[in-house]
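Asker: Below you'll find the structure I mean.
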Amino acid sequence: QVQLVESGGGLVQSGGSLRLSCASSEIILSLYFVDWYRQAPGNKREWVAGITSADDTSYADSVKGRFTISRDNAKNTAYLQMDSLKPEDTAVYYCNAHDGRSDFWGQGTQVTVSS
């Protein structure tokens, strides 16, 4: 079963930065749309950002101007650069790759922002 592997989460103070990575050894991520989602305790999973196979990007209003999604095709890795982090960004962050036929998820990485 194809699995995406997220990394880069951790504990950071408010105003700090983290960069999340999403890698796969089984699929070519550049052929897929890649999205980042997050889920805070007691909340539904929410979409954060996405990048198309043509590298067009989009963001949720809550993170626009602070987060940047990108990919490095040579490393077969997608990234979520998170700057100016706020306590309300605290959540488990998940990577999702899809192409309309297949849909793959990672196991999630915890991001905790302290005030």
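The values are calculated or read from the model by the stated rules, or taken from the named source; none is laboratory data. Note that the structure is predicted; figures quoted are calculated from it, not measured. Don't worry about glycine lacking a Cβ; one is built from the backbone with ideal geometry, like all the others, and counts go over all protein chains shown. For accessibility, only protein heavy atoms count, side chains too; no ligands or nucleic acids. Shrake-Rupley method; radii C 1.70, N 1.55, O 1.52, S 1.80 Å.
Asker: Does segment 92-110 hold any residues that are within 11 Å of the chain's Cα centre (by Cα) and either under 16 Å from Leu29 (Cα atoms) or among the aliphatic types (A, V, I, L, M) (or both), and which are they?
Answerer: Residues satisfying the conditions are Val92, Tyr94, Cys95, Asn96, Ala97, Trp105, Gly106.
Asker: So, in segment 7-31, of the ones that are open to solvent by 50 Å² or more (accessible area, probe 1.4 Å) and among the small types (Gly, Ala, Ser), which residue ends up modelled with the lowest pLDDT?
Answerer: The extreme case among them is Ser25.
Asker: Then there's this: So is Ala40 under 21 Å from Val12 (Cα atoms) and open to solvent by 10 Å² or more (accessible area, probe 1.4 Å) or not?
Answerer: yes
Asker: Counting just the residues of segment 64-85 that are of a type outside the set (S, T, N, Q), out of contact with any Lys or Arg (no Cβ under 8 Å at 6 or more places or on another chain) and touching a residue at least 40 places away in the same chain (Cβ under 8 Å), which one comes out farthest from Ser30 (Cα to Cα)?
Answerer: Top of the filtered list is Lys75.
Asker: Do any strands (runs of 3 or more DSSP E) lying entirely in segment 1-92 carry at least 2 residues that are farther than 22 Å from Ser115 by Cα, and which ones are they?
Answerer: Qualifying strands (runs of 3 or more DSSP E): 5-7, 18-23, 33-39, 46-51, 57-59, 67-72, 77-82.
Asker: Hey, could you check segment 83-115 for residues that are of a type in the set (D, E, K, R) and more than 24 Å from Val2 (Cβ to Cβ) and say which is least open to solvent (accessible area, probe 1.4 Å)?
Answerer: Asp89
Asker: Testing Ser62 on (1) open to solvent by 30 Å² or more (accessible area, probe 1.4 Å); (2) closer than 17 Å to Cys22 by Cβ, one condition comes back false. Which one is that?
Answerer: Result: Ser62 fails condition (2) only.
Asker: Test Val34 against the criterion of being over 15 Å from Leu4 (Cβ atoms) and open to solvent by less than 20 Å² (accessible area, probe 1.4 Å), and give yes or no.
Answerer: no
Asker: Within segment 72-82, does at least one residue satisfy the condition of being out of contact with any helix residue (DSSP H, G or I) (no Cβ under 8 Å at 6 or more places or on another chain), under 17 Å from Val12 (Cβ atoms) and open to solvent by 20 Å² or more (accessible area, probe 1.4 Å)?
Answerer: Scanning segment 72-82 turns up at least one residue that is out of contact with any helix residue (DSSP H, G or I) (no Cβ under 8 Å at 6 or more places or on another chain), under 17 Å from Val12 (Cβ atoms) and open to solvent by 20 Å² or more (accessible area, probe 1.4 Å).
Asker: Separate question: Condition check: surrounded by 15 or more Cβ atoms within 10 Å (Cβ to Cβ), farther than 13 Å from Ala97 by Cα and touching a Gly at 6+ places or on another chain (Cβ under 8 Å). Does Leu4 satisfy that?
Answerer: no
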